[in-house]
Amino acid sequence: MNNRKTNVLFTLALWMLLGACSQSMVREKISIIPKPDHMIENKDLLKINDQMQVVYLDESLAFAANYLADQLSARTKMNVVVQEGTTTGAGTVFLTLDSTEAKEAYSLIINNTKATLSASTPSGTFYAVQSLLQLVQSSGDQFFLPGLEIKDEPRFAWRGMHLDVSRHFFGVDKIKKYIDYLSMYKLNTFHWHLTDDHGWRIEIKKYPLLTEQAAWRESVGFPSNQAKGLDEDDGKPYGGFYTQEEVKEIVKYAQDRQVTIVPEIEMPAHTSAVLKAYPDLACEGLDMEKIVREGTLSRNVFCAGKEETFDFLEHVMDEVLTLFPSEYIHVGGDEAPKDHWEVCNLCQKRIKTEQLADEHELQSYFITRMEKYLNGKERKLIGWDEILEGGLAPNAAVMSWRGVAGGIAAAKAHHEAVMTPGFPLYFNHRPIDLKNSPGHSSTNNTITTVYNYEPVPEELSEEEAKYVIGVQANIWTEYIPKWEYVESLLFPRLLSLSEIAWTSADRKDFEDFRQRLPYHLDRLDQMGVNYGKDPFQVAIAMQLKKGQQQVSLSTELPGLQIRYTTDGTEPTISSTLYKEPFGCTKTSTIKAASFVNGRLMSEISSVDYLSHKATGKRVAYENEFNAKYDGGGDFGLVDGRFGFEESISFAWQGFVSPTMEAIVDLEEITAINSISAGFLSDQRQWIFQPDQVIFEVSDDGENFKEVFDRKYSDSRTESVIQEVVRPTADDLKVQGRYVRVRAINHTPIPDWHAGVGKMPWIFVDELVVE
Ligand code: ACM
Ligand code: ZN
């Protein structure tokens, strides 16, 4: 697939030429991502040949110079050489330091005879190198750089990408690749999630059991990965860790590439792996055997009453700080349950002696105490937004993940904030739901929604906005057991992230960004990166207009041919070419795919449309559906399209109320033979089957007659992870104008689940009347 796609994408890029010709070489559109602040093109061309020399004028630029020469040589097969030199020496590419530029800013000037890259810091120079590498073009067998002048600097200081190596472990080579990918696109922060319930991943010499025991689990776990064929379970213990020597090597590798690694050591929660090895750090009065036995449950916390806990964490930090020179140290702080602390004598004693109001303030005490320790070592603490609860530590920075509220609260309190809201910046959520694809279910985190995300919330004043120091995307790896899947979820969305992190808001333009994408997909193909195919995938959108469905087809990547069928057959190169939206009135299966040069580029997208007696009819709700999970809006429940198991974002209407209740008006007395409705459970997302489903029919919308009532006693069992059930009333032989569906949550989320005691979600789609 890779080679084939390389050629196709190359052709695609050629189609998009701007057409400026100079010295008989054909210039392509310049496609730098992230888009530079200022760029003026001229007609000059600098040839890349065996005479090209990269000259650097300061020892601190040696790495960037060698990196540039290596990359140019690899790309063009020319022998580009490097030398340290002076401005007057011979050469064609000059890397210089210029004290007038802002930190991280750079300028790049290319004319017929030379390229000059200047910045006030090695990081700025490295970014100039990255821009230059995205300018390499070829014409025939000649390689060249187009003439231009760029002046550029980043919008945000924190341009981050996170990776969870606890749920699944990725070795040194993979981490270096990850750093390569970040640095190619001017991201400067790698947030390395090194510890969690499923495994501790960093050698700490003082606590050898962390790597002897806490780094391992009995088997790989996450059985849904095996069920989907994404991973095999070989029955062997699963795990791994980085030695301190490896960490040093990775930190140096990242430093060379201007990437700061921010390590995360989770506290007070997500500590099951640690407590398995060091059970004395857990609270008193617990069944430690059970905790050890169920070592991967995510409900364990360090005891906040024991001094041993803080001794342990300070010693761990001492070693962490010697390995990582980063200004910020991440201490987690997320999702800490309070039930262990509630029953622990020592934690309760701590609450009394420290005059704390409750367990939330105990969490705040915990984080503040660690902050004091880190500040004493001249480091800053950053944590997930739960560290706001119970009072923020005096100097802490906040990483806003549960939406943007935490970031807003932090900035308003004049604390630094990094914005990383789950929508759209959790890249572990797949962009679209292809069958058996890795990652959490889609929440529509696509290249488009990522691109359109604005990191500075409107709620902030200009002064407060300065506390938003940056933006970051995260990859949690529960459902990402292999490296190739990391790549497919990272790219191409990393390109959107890069541009929102670097490019000033007024220069952002999604249409222009789309046009620059093919160049980068071609580049990733050449590197063998398994990027996600989602931008090739055809989105089939349906819109009800006067009771008729209008079908429109699109892809995120431009320039593709879309072909489709409406009879359920697979689209081929001879199927109908899509030109404009078309109507759909009868039950049909629409299938569509994208093609370039006659070659299939996507998986087949398919939509079943069912025309039934309620399609397009008005629906009234007792409780409103959630705005984020609106299933397509007012007609989403009766639009003839079915929600499916793999996706919570599409078609399903979500409710967090004790009942979901909807009445559809069929507009006239109608013979009704069957009524059915689909309900999703996806318990990882707190979506459960309702306990009871009732269908009723009425002539007047006031007096309803029940035709179906089913209770589901086993709807809260742990074995159900993801499924769709369709309660169906058949052979009804009744008449009526109104149909009411009621789904009832009688019981809260049970105690085996992280959401214990809370109201579960009800997700419903499609209400079918026939
Ligand atoms: C998080 O996703 N628990 C920070
Ligand atoms: Zn305790």
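Going by what's in this entry, would residue 365 be described as over 18 Å from the mean Cα position of the chain (by Cα), part of a helix (DSSP H, G or I) and within 16 Å of ligand 2 (Cβ to nearest atom)?
Working: over 18 Å from the mean Cα position of the chain (by Cα): yes; part of a helix (DSSP H, G or I): yes; within 16 Å of ligand 2 (Cβ to nearest atom): yes.
Here the answer is yes, as residue 365 does meet what is asked.
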* To do: Find the residue count for the stretch 400-435, including only residues that are over 17 Å from residue 465 (Cβ atoms) and within 18 Å of the chain's Cα centre (by Cα).
  => 16
* Would you mind stating whether residue 464 is more than 23 Å from residue 591 (Cα to Cα) and surrounded by fewer than 18 Cβ atoms within 10 Å (Cβ to Cβ)? => no
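Out of curiosity, is residue 268 over 25 Å from residue 61 (Cα atoms) and out of contact with any Phe, Trp or Tyr (no Cβ under 9 Å at 6 or more places or on another chain)? If you could, list the steps in order and put the result at the bottom.
Working: over 25 Å from residue 61 (Cα atoms): yes; out of contact with any Phe, Trp or Tyr (no Cβ under 9 Å at 6 or more places or on another chain): no.
The answer is no for residue 268.
Determine, yes or no, whether residue 156 is in contact with a helix residue (DSSP H, G or I) (Cβ under 8 Å, 6 or more places away or on another chain) and either at pLDDT below 95 or not in a strand (DSSP E or B) (or both).
Numbers: in contact with a helix residue (DSSP H, G or I) (Cβ under 8 Å, 6 or more places away or on another chain): yes; either at pLDDT below 95 or not in a strand (DSSP E or B) (or both): yes.
Judged against the criteria, residue 156 is a match.
State yes or no: is residue 138 surrounded by fewer than 20 Cβ atoms within 10 Å (Cβ to Cβ), in contact with a strand residue (DSSP E or B) (Cβ under 8 Å, 6 or more places away or on another chain) and among the hydroxyl-bearing types (Ser, Thr, Tyr)? Full working, then the answer.
Working: surrounded by fewer than 20 Cβ atoms within 10 Å (Cβ to Cβ): yes; in contact with a strand residue (DSSP E or B) (Cβ under 8 Å, 6 or more places away or on another chain): yes; among the hydroxyl-bearing types (Ser, Thr, Tyr): yes.
Yes, satisfied.
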* Check residue 644 against each of (1) assigned to a loop (DSSP other than H, G, I, E, B); (2) modelled with pLDDT of 90 or more; (3) within 21 Å of residue 693 (Cα to Cα) and name the one condition it does not meet. => (2)
* Here is a list of conditions, (1) under 27 Å from residue 682 (Cα atoms); (2) surrounded by fewer than 19 Cβ atoms within 10 Å (Cβ to Cβ); (3) within 14 Å of ligand 2 (Cβ to nearest atom), and residue 300 meets all of them except one; can you say which number that is? -> (2)
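Which ranges mark the strands (runs of 3 or more DSSP E) fully within the stretch 710-770 that have 1 or more residues being at pLDDT below 85 and surrounded by fewer than 22 Cβ atoms within 10 Å (Cβ to Cβ)? Break it down stepwise before answering.
Details: elements: 722-725, 734-744, 762-769.
The qualifying strands (runs of 3 or more DSSP E) are 722-725.
Checking the condition at pLDDT 95 or above, of a type in the set (Asp, Glu), in contact with a helix residue (DSSP H, G or I) (Cβ under 9 Å, 6 or more places away or on another chain) and more than 13 Å from ligand 1 (Cβ to nearest atom), which residue from 463, 386, 454 passes?
Working: 463 fails: in contact with a helix residue (DSSP H, G or I) (Cβ under 9 Å, 6 or more places away or on another chain); 386 fails: more than 13 Å from ligand 1 (Cβ to nearest atom).
After ruling out the rest, the residue left standing is 454.
Just checking: which of the helices (runs of 4 or more DSSP H) contained wholly in the stretch 478-530 hold 3 or more residues that are modelled with pLDDT under 95 and touching a helix residue (DSSP H, G or I) at 6+ places or on another chain (Cβ under 6 Å)? Show your work before the answer.
Details: elements: 483-490, 493-502, 510-527.
So the answer is 510-527.
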* Asked: What strands (runs of 3 or more DSSP E), lying completely within the stretch 46-108, carry at least 1 residues that are touching a residue at least 40 places away in the same chain (Cβ under 8 Å) and farther than 30 Å from residue 156 by Cβ?
  -> 53-56
* Leading residue by the ranking (farthest from ligand 1 (Cβ to nearest atom)) among those in the stretch 256-280 that are free of Cβ contacts under 8 Å to residues at least 40 places away in the same chain and open to solvent by 10 Å² or more (accessible area, probe 1.4 Å) -> 280
* Asked: With respect to residue 233, is the statement that it is touching a Pro at 6+ places or on another chain (Cβ under 9 Å) and surrounded by fewer than 23 Cβ atoms within 10 Å (Cβ to Cβ) true?
  -> yes
* Structure fact -> Taking the stretch 597-629 and keeping residues crowded, with 17+ Cβ neighbours inside 10 Å, in contact with a helix residue (DSSP H, G or I) (Cβ under 8 Å, 6 or more places away or on another chain) and under 26 Å from residue 439 (Cβ atoms) leaves 601, 602, 625
* Structure fact -> Quick count over the stretch 159-180, residues being open to solvent by 10 Å² or more (accessible area, probe 1.4 Å) and under 17 Å from the mean Cα position of the chain (by Cα), is 1
* Subset tally (residues that are open to solvent by 30 Å² or more (accessible area, probe 1.4 Å), under 25 Å from residue 192 (Cβ atoms) and within 13 Å of ligand 2 (Cβ to nearest atom)) for the stretch 322-362 -> 0
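The rows are residues; the columns are (1) within 14 Å of ligand 1 (Cβ to nearest atom); (2) farther than 14 Å from residue 330 by Cα; (3) open to solvent by 10 Å² or more (accessible area, probe 1.4 Å); (4) not in a helix (DSSP H, G or I).
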residue	(1), (2), (3), (4)
371	no, no, no, no
393	no, no, no, yes
398	yes, no, no, yes
411	no, yes, no, no
432	no, yes, yes, yes
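The values are calculated or read from the model by the stated rules, or taken from the named source; none is laboratory data. The shown structure was predicted, so the numbers you read here are calculated from the model rather than taken from an experiment. Here the Cβ is made from the backbone with ideal geometry for all residues, glycine too, and neighbour counts use every protein chain on show. SASA here: full protein model, heavy atoms, side chains in, ligands and nucleic acids out. Shrake-Rupley method; radii C 1.70, N 1.55, O 1.52, S 1.80 Å.
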